[in-house]
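The values are calculated or read from the model by the stated rules, or taken from the named source; none is laboratory data. Note that this is a predicted model, so its numbers are computed, not measured. Every residue, glycine among them, receives a Cβ derived from its backbone with ideal geometry; neighbour counts consider all protein chains shown.
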Amino acid sequence: MNVQQRPKRGLAMEIAMLIRCGEYRAGEWLRQIDLEQRLGANRFDVRTALAELALRGTVQHVPNRGFRVSSFDRVRLRQMLEVRVLLEVEAAVAALPHVDAAALEVLRGEMLAFELAAEGGTRAEQNRANLAFHDGLYALTPNRALAEMVTEVRERARLWPTALWPSAGALRQSVEGHRQIMMALERADAAALADSVRAHIRNSIANDPSLEVAGES
């Protein structure tokens, strides 16, 4: 008899989301017993997830003491955003030939859902709607390895809650960025799509000049 395996739980992602939403602050120690109880997971799985997050830089492992949330690192964030620009522009342009009328309708709905969340939703709702729009586009990229790398790098770059939308202005900029991407998709304009994705990522830090990404050479 074939026994169907349960899908693997993304425990590391769940812990990363708690950190990103501000449930645990920079420098705070993560007690494994608390995570076990909060997430309904066993000690081995929690420790494995924390070890994975340590490799990503989300948490820091201190020998003989445990794991704590990594501190905000502006230089690292700037470098990760540079990598995001390279990967996400490529993924979006590769997806463009596969964006048909049905896909446009779905993406348009996800764009509008983010706009509604931006107007009065919680930070978690805004985050989910934002990711749905981007993931909906990158899901159309034929190169699945590229799409997976986009997700991985994005998660590393968005470790700190302050790196999401530190102001209402930053949130409005993100809404406008989605609109520009959507217009490029509707026109099937690869150059405009590349420009809009590039600008959207860089504008996510526009209200903090110290994080400015260097221009293209």
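Regarding V93, is this residue in the same structural domain as P142 (by TED's automatic domain parsing), surrounded by 15 or more Cβ atoms within 10 Å (Cβ to Cβ) and β-branched (V, I, T)? So V93 passes the test. Filtering L81, L53 for residues that are surrounded by 16 or more Cβ atoms within 10 Å (Cβ to Cβ) and outside the structural domain of M17 (by TED's automatic domain parsing) leaves a single hit, L81. Criterion first (of a type outside the set (S, T, N, Q), over 15 Å from S174 (Cβ atoms) and exposed (fewer than 15 other Cβ atoms within 10 Å of the Cβ)) does L30 satisfy it? For L30, the condition - of a type outside the set (S, T, N, Q), over 15 Å from S174 (Cβ atoms) and exposed (fewer than 15 other Cβ atoms within 10 Å of the Cβ) - is not met. Residue pairs whose Cβ atoms lie under 6 Å apart, sitting 6 or more positions apart in sequence or on different chains, and linking a residue in segment 188-199 that is among the hydroxyl-bearing types (S, T, Y) to a partner that is in a helix (DSSP H, G or I), are S196/Q180; S196/I181; S196/A184. The one condition from (1) surrounded by fewer than 16 Cβ atoms within 10 Å (Cβ to Cβ); (2) part of a helix (DSSP H, G or I); (3) modelled with pLDDT under 95 that S217 does not meet is (2). Answer with yes or no whether I181 is assigned to a loop (DSSP other than H, G, I, E, B) and either at pLDDT below 95 or crowded, with 17+ Cβ neighbours inside 10 Å (or both). So I181 fails the test.
Would you confirm whether any residue within segment 63-74 is within 20 Å of R198 (Cα to Cα) and either touching a residue at least 12 places away in the same chain (Cβ under 8 Å) or of a type in the set (V, I, T) (or both)? Yes, segment 63-74 contains a residue that is within 20 Å of R198 (Cα to Cα) and either touching a residue at least 12 places away in the same chain (Cβ under 8 Å) or of a type in the set (V, I, T) (or both).
Just name the residue that is modelled with the highest pLDDT out of those in segment 134-169 that are within 15 Å of N203 (Cα to Cα), among the aliphatic types (A, V, I, L, M) and touching a helix residue (DSSP H, G or I) at 6+ places or on another chain (Cβ under 8 Å). Restricting to residues being within 15 Å of N203 (Cα to Cα), among the aliphatic types (A, V, I, L, M) and touching a helix residue (DSSP H, G or I) at 6+ places or on another chain (Cβ under 8 Å), the top hit is A157. If you check E119 against the conditions, is it in the same structural domain as W165 (by TED's automatic domain parsing), more than 21 Å from R198 (Cα to Cα) and modelled with pLDDT of 90 or more? Yes: the conditions hold for E119.
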